[in-house]
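Okay, structure first, notes after.
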Amino acid sequence: MAGPVVLVEFPADDPERALRFWREVLSANLSPRTEEEGHGWQSHEGGAELGVHPRGQGPGDRVSLPYFSVPDLAFALERVRANGGEVIHPGDRSAVCRDSEGSPFGLAQSSPPPAGN
């Protein structure tokens, strides 16, 4: 089974307004992301993280997405395809997918890929 939710990502039409919202509602400490994390802002407090980024046109830019931790991203993406899902934005460390019913979600590599991959 996939690991726990590691990140919930929220797109924003007005990023400053969204940052104020999440900072006030959850007392979230959202800071600019590192280059490896991508664009936008993210909490870095351990456990499930909260992310905010400007809304765009890409597959992960229009709706909020939960990201699930998986030990082997390549294998998990094979399983998505084999079970009627779709990989809509592949990556080395994370990917955006749709399940068999069309709902978007993300997968994130929890550690370096297993040896031989």
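Restricting attention to the range 18-41, the residues being assigned to a helix (DSSP H, G or I), surrounded by 11 or more Cβ atoms within 10 Å (Cβ to Cβ) and out of contact with any Ser or Thr (no Cβ under 9 Å at 6 or more places or on another chain) number 5. Checked against the criterion of being touching a strand residue (DSSP E or B) at 6+ places or on another chain (Cβ under 9 Å), crowded, with 18+ Cβ neighbours inside 10 Å, under 15 Å from ALA108 (Cα atoms) and of a type in the set (D, E, K, R), the range 60-82 has no qualifying residue. The strands (runs of 3 or more DSSP E) falling completely within the range 42-117 that include 3 or more residues that are under 12 Å from LEU7 (Cβ atoms) and either at pLDDT 90 or above or not aliphatic (A, V, I, L, M) (or both) map to 49-54, 65-70, 104-109. In the range 30-49, the residues that are of a type in the set (Asp, Glu) form Cβ pairs under 6 Å with partners that are assigned to a loop (DSSP other than H, G, I, E, B) and surrounded by 15 or more Cβ atoms within 10 Å (Cβ to Cβ), at six or more places apart or across chains, as follows: GLU49/SER43.
The values are calculated or read from the model by the stated rules, or taken from the named source; none is laboratory data. No experiment lies behind these values; they were computed from the predicted model shown. Here the Cβ is made from the backbone with ideal geometry for all residues, glycine too, and neighbour counts use every protein chain on show.
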